[in-house]
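Peer 1: Before I ask anything, here is the structure I am working with.
Coordinate-derived values only; no laboratory data. What you see is a predicted model; the values in this text were computed from it and never measured.
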Amino acid sequence: MDELRPESREYLDGLFRVGQRIGGDPHTPYSWIDIVDVQKVAVIRLPSGRLVVDSPWSTEPPHELALRVPPGTYPVEASWSDSPSLIDGYYTEYRECAATRLRIRDEPVVTWELVLGRGEDPSGPRADRAGFEAEEAMGCFADATAWESLTAPFRRFLEGAADSDFGQPAPGRDTEDLCEGYFELARDEEHRADLLTFGVPEGWAQVWAGRARDGEIAVIVIPGPVRTSPWD
């Protein structure tokens, strides 16, 4: 993969820095955001250390990351931004989730890298845009060993939604809503594993790993649906 450009590094470094303005000309609508808050969303269990970052709606084999994390329990944090919006001729600001991160270690990040999926070729044609298909503009963190059970509520919802077209009641989703519905949490007590969803750009989402000074993974970061990144 190519060396990370300075503007890309600045963008990633700023996503969880309260007070940081990210983007271009502040007088140009939709080109910048202000990071206004960083919030702990949940703590999730990853008993195997095999991490899936994928859409919970996907019917394809899960996008398991090539890297491993130490088995354990980790906090997930959201970065919230204010950005300008033009509505009926007036500019206003609205709040959105700028990024979601899985915090592995409480250490400063000194280097960033795109994270490949398991079995992907680092010299292959997709290495410079490593990530996953973001069905329904949603991604998730989940333990790979419990993927089938953790995504079962989403499959049941789709099956129930199809039945509702034939006169059956529309189903609910057997997950826990967090942060006013921005996130959903599913638990598997048999495997003692969890899945947490988050918003991502429609179509495709990238996965970034930040490494501490000793080279170990400190965070896994997924940029959110706000379109201000150097790759837009």
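Peer 1: Residue by residue, what Karplus-based ³J(HN,Hα) values in Hz, rounded to whole numbers, does region 69-74 have, using 6.51, -1.76 and 1.60 with θ = phi - 60° and x for Gly and Pro?
Peer 2: 10, x, x, x, 10, 9
Peer 1: Is the shape of region 173-232 best called rounded, prolate or oblate, per the rule: a/c under 1.5 gives rounded, else a/b larger than b/c gives prolate, else oblate, with a ≥ b ≥ c the square roots of the Cα gyration tensor eigenvalues?
Peer 2: Since a/c reaches 1.5 but b/c is at least a/b, the shape of region 173-232 is classed as oblate.
Peer 1: Out of residues 5 or more away from L4 or on other chains, whose amide H comes under 5 Å of its own, with H placed 1.01 Å from N in the peptide plane?
Peer 2: none
Peer 1: Work out how much length R5 to D121 would gain on full extension: take 0.36 nm times their residue separation and subtract the Cα-Cα distance, in nm to one decimal.
Peer 2: 39.6 nm
Peer 1: For I44, list long-range residues whose amide hydrogen, built 1.01 Å from N in the peptide plane, is under 5 Å from its own amide hydrogen.
Peer 2: Hits under the 5 Å cutoff: Y74, V76.
Peer 1: Which cross-chain or sequence-distant (5 or more) residues have an amide H under 5 Å from the amide H of V53, H modelled 1.01 Å from N in plane?
Peer 2: The list, which skips near neighbours in sequence, is H63, L65.
Peer 1: With θ set to phi - 60°, apply the Karplus curve 6.51 cos²θ - 1.76 cosθ + 1.60 along region 102-116 and write out the HN-Hα couplings as whole Hz, x wherever there is a Gly or Pro.
Peer 2: 9, 8, 8, 9, 8, 10, x, 8, 10, 9, 10, 8, 5, 9, 7
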